[in-house]
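Student: I have a structure here, written as structure tokens, and I will follow up with some questions on it.
The values are calculated or read from the model by the stated rules, or taken from the named source; none is laboratory data. Only a predicted model underlies this, so the values are computations on that prediction, with no experimental measurement involved. All Cβ positions, even for glycine, are placed from backbone atoms using ideal geometry, and neighbour counts span all protein chains on display.
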Amino acid sequence: MLVGLLWLQQTVFLVGDAGALTAAQVKKYAVFWQKHAHKEDLLIWLGDNLYPRGHDGSRRAIRRWNRLAAVSRAFPGRVYAIAGNHDWKSGIAGLLRQGQDLYLLPPPGQIGPATIETSPWLLIAVDSELYIQTGGKDFPWQALDSLVVTARKKNLYPLLLLHHPVRTAGAHGGHFPLGAHLFPLRIVSRYLYLPLPGLGTIFILLRKAAHHPTDLSYPTYRQLSQELLRRVDSLAVPVYIASGHDHNLQIHRIGTHSWVIVSGSGCKTEPVARRKATWAQATVGLWRLTPSTLAAYALTQPDQPIWKFPEIVVP
């Protein structure tokens, strides 16, 4: 009976965009793991594992990578990672460097879907940056459908992993709170609280018009989002879709039993339009997922979640 309970409560920790960790944050993650993580649990890095240009072999990259690797080593369970757009800036060579220390899903240069079956989860990973780079040509959508359906037949919970969120209340989704209009230089540094309201609004309008590949308005990214959400809805199977990319914590309810989780504030934050999500907050932190609970934690407040949904299991 105890073994069954442990199986049901295996925890997945979701952390994204942690590619510029400070030494203080490394220590805080170690404290968090001591309080919450066990050897049967999973840690998943949700991309942008190394800023600003992936693992290019520079001294700065090595220093920052060593910090992320230290957080991974402190975790008592298994660790997986997916690639983000910043990780791709050093190409396949940079991804291979990351792969020397982390188990990358999908393998470098493959679009996916790649899977790991680890009861009670089926991890399904897609390289969304590669999808956007290649225009989504020949992506095996039917294989993805089959994996989701098969997971439920095996009483597994499908957890879809891709760096770019298919729904977001952050800047990449075109949502800019008032603070972004007033303090546009915070996109360069979170400490630059220099009020430039007119310039901030102009920058936001130009960004929306440009349809940058990192934004949901970009045609291929938008097509990926729309197609994935359409298929999740048509399959009528509970799916958890976890991403990073926007530097905040978000949760979006999809239909009656599926969720989009945004966990992109592993080391830094950006504003988020809270009313555009089921819940959202701009704080450095992570998500903690079990088959029965979904909770967001601020890294500086490890004892209690800042948001929790108590019952997410669908029979």
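Student: Checking Arg78 against (1) in contact (Cβ under 8 Å) with a residue 60 or more places away in the chain; (2) under 21 Å from Ala242 (Cα atoms); (3) surrounded by fewer than 17 Cβ atoms within 10 Å (Cβ to Cβ), which single condition isn't satisfied?
Tutor: All conditions pass for Arg78, except number (1).
Student: I would also like to ask the following. Could you check the range 138-156 and list, in sequence order, the residues that are over 19 Å from Val12 (Cβ atoms) and small (Gly, Ala, Ser)?
Tutor: Those that are over 19 Å from Val12 (Cβ atoms) and small (Gly, Ala, Ser): Ala143, Ser146.
Student: Where residues in the range 108-147 are among the aromatic types (Phe, Trp, Tyr) and part of a helix (DSSP H, G or I), which of them is nearest to the chain's Cα centre (by Cα)?
Tutor: Here the residue is Tyr131.
Student: On to the next question. Output the residues belonging to the range 279-306 that are farther than 19 Å from Gln25 by Cβ and buried (at least 16 other Cβ atoms within 10 Å of the Cβ).
Tutor: Trp279, Ala280, Leu289, Thr290, Pro291, Thr293, Leu294, Ala295
Student: Here is a follow-up. Do the conditions hold for Ile62, that is, is it more than 17 Å from the chain's Cα centre (by Cα) and without any contact (Cβ under 8 Å) to a residue 12 or more places away in the chain?
Tutor: Considered against the rule, which asks whether it is more than 17 Å from the chain's Cα centre (by Cα) and without any contact (Cβ under 8 Å) to a residue 12 or more places away in the chain, Ile62 comes out as yes.
Student: If His164 passes every condition in (1) modelled with pLDDT of 95 or more; (2) assigned to a loop (DSSP other than H, G, I, E, B); (3) surrounded by fewer than 24 Cβ atoms within 10 Å (Cβ to Cβ) but one, which one does it miss?
Tutor: It fails just one condition, (3).
Student: Now, a different point. Give Pro120, Pro158, Pro140, Pro108 a once-over and let me know the one that is buried (at least 22 other Cβ atoms within 10 Å of the Cβ) and not hydrophobic (A, V, I, L, M, F, W, C).
Tutor: Pro158
Student: Just to be sure I understand the filter: pairs with C-beta atoms under 7 Å, separated by 6 or more residues or on different chains, first member in the range 260-274 and in contact (Cβ under 8 Å) with a residue 40 or more places away in the chain and at negative phi, second member of a type in the set (D, E, K, R) and surrounded by fewer than 24 Cβ atoms within 10 Å (Cβ to Cβ). Which pairs pass?
Tutor: Val260/Arg167; Lys268/Arg190; Thr269/Arg190
Student: Against the definition (closer than 30 Å to Arg64 by Cβ, of a type in the set (Gly, Ala, Ser) and modelled with pLDDT under 95), how does Gly266 come out, yes or no?
Tutor: So Gly266 does not fit the description; no.
Student: Could you identify the single residue in His55, His38 that is surrounded by 24 or more Cβ atoms within 10 Å (Cβ to Cβ) and either over 24 Å from Gln301 (Cα atoms) or without any contact (Cβ under 8 Å) to a residue 40 or more places away in the chain (or both)?
Tutor: One residue alone meets the criteria, His55.
Student: Which condition number does His181 fail, the rest of (1) modelled with pLDDT under 95; (2) assigned to a loop (DSSP other than H, G, I, E, B); (3) under 28 Å from Trp307 (Cβ atoms); (4) not hydroxyl-bearing (Ser, Thr, Tyr) being met?
Tutor: (2) is the only condition that His181 fails.
Student: Looking only at the range 271-278, decide whether some residue is at pLDDT 90 or above, among the hydrophobic types (A, V, I, L, M, F, W, C) and closer than 22 Å to Ile44 by Cα.
Tutor: Among the residues of the range 271-278, not one is at pLDDT 90 or above, among the hydrophobic types (A, V, I, L, M, F, W, C) and closer than 22 Å to Ile44 by Cα, which makes the answer no.
Student: Are any residues in the range 27-83 outside any helix (DSSP H, G or I) and of a type in the set (Phe, Trp, Tyr), and if so, which ones?
Tutor: If the condition is that a residue be outside any helix (DSSP H, G or I) and of a type in the set (Phe, Trp, Tyr), then Trp45, Tyr51, Phe75, Tyr80 are the ones that fit.
Student: Another question, then. Kindly check whether there is at least one residue in the range 277-288 that is assigned to a strand (DSSP E or B), under 18 Å from Val12 (Cβ atoms) and among the charged types (D, E, K, R).
Tutor: Within the range 277-288, one or more residues are assigned to a strand (DSSP E or B), under 18 Å from Val12 (Cβ atoms) and among the charged types (D, E, K, R).
Student: Mind listing whichever residues of the range 111-150 are among the charged types (D, E, K, R) and out of contact with any Gly (no Cβ under 7 Å at 6 or more places or on another chain)?
Tutor: Result: Glu117, Lys137, Asp138, Asp145.
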